[in-house]
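Asker: Handing you a structure now.
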Amino acid sequence: MHRTHRRADAGKVQDVAQRGKSVPRDYIVKKLLQRYWRLTRALTLGAQGAIVDPEGRILLVRHTYQPGWRFPGGGVEKGETVTAALSRELEEEVGIEVTGEPQLFGVYSNAASFPNDHIVLFVVRGWHQERVPKPNYEIAEQRFFAPDDVPADTSAGTVRRLAEIFAGVPRSAIW
């Protein structure tokens, strides 16, 4: 399976090169990092936060390196707890300080994006945002949306989680 996947990736790069176009740098970096992580980690783990404001709206971010709107969050570093990673990522990405206990909502397999990847999702209602960071190399934009009125290009996993959180749709184990 992995060999087939690698051949498909190589085919994409070769196809783009044959058409006289350059291969996007982000794509190459992503693939190199995935290969590195694959060699050095048996499992990757990310923490994401469904930040809910007092009006019941949800905070989503748009990254510079992947399409669509998503929950803020990121990878859990070696020796770091999942909640510490969540707090660190929320501060870094969206300037949010977690002031209450985040509610663990679910642990999801994200193998469609990366083999052995898992996402731990928390619902965060106790928080404070002193400042809204300016767009940067990682986060292009952040905004609050009504859960039933998110942008059309919101990631499929995010849309499913919103339905689970706000509409009572049964939870899935797959992101």
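Asker: At 0.36 nm per residue, minus the direct Cα-Cα distance, what do F166 and E130 gain on full extension? Give it in nm, one decimal, please. Don't skip to the end; give the middle numbers.
Answerer: Details: separation 36, 0.36 × 36 = 12.96 nm, distance 2.64 nm.
Extending this stretch completely gives an extra 10.3 nm.
Asker: Which ³J(HN,Hα) values in Hz, rounded to whole numbers, follow from the phi angles of the stretch 101-114 under the Karplus curve 6.51 cos²θ - 1.76 cosθ + 1.60, where θ = phi - 60° and Gly and Pro get x?
Answerer: 6, x, 8, 5, 9, x, 10, 10, 7, 10, 5, 5, 8, 7
Asker: In addition: Expressed as a whole number of Å, what is the distance separating the alpha-carbon centroids of the stretch 138-175 and the stretch 74-93?
Answerer: 20 Å
Asker: On to the next question. What FRET efficiency, computed as 1/(1 + (r/R0)^6) with R0 = 25 Å and r the Cβ-Cβ distance, is obtained for L32 and K78, rounded to the nearest 0.05? If you can, show how the numbers build up before the last one.
Answerer: Values: r = 20 Å, r/R0 = 0.78.
The computed FRET efficiency comes out at 0.80.
Asker: Further question on the same structure: Going by a ≥ b ≥ c, the root eigenvalues of the Cα gyration tensor, does the stretch 42-167 fall in the rounded group (a/c under 1.5), the prolate group (a/b larger than b/c) or the oblate group? Could you put the intermediate results ahead of the total?
Answerer: Values: a/c = 1.25, a/b = 1.13, b/c = 1.11.
Here the stretch 42-167 falls in the rounded category.
Asker: Please work out how much length the chain gains when fully extended from S113 to V159, using 0.36 nm per residue of separation minus the C-alpha to C-alpha distance, in nm with one decimal.
Answerer: On the way: separation 46, 0.36 × 46 = 16.56 nm, distance 1.60 nm.
Computed gain between S113 and V159 is 15.0 nm.
Asker: For the stretch 70-115, state which trypsin sites (Lys or Arg not before Pro) are in a DSSP loop and have at most 12 other beta carbons lying within 10 Å of their beta carbon. Mind dumping the intermediate values first?
Answerer: Values: sites: R70, K78, R88; in loops: K78.
Of the trypsin sites (Lys or Arg not before Pro), the ones in loops of the stretch 70-115 whose Cβ has at most 12 other Cβ atoms within 10 Å are K78.
Each value in this text was obtained by applying a stated rule to the coordinates, not by laboratory testing. Predicted model, so just to flag it, every value in this text is computed and none were measured. Glycine gets a Cβ as well: all are built from the backbone with ideal geometry, and neighbour counts include every protein chain shown.
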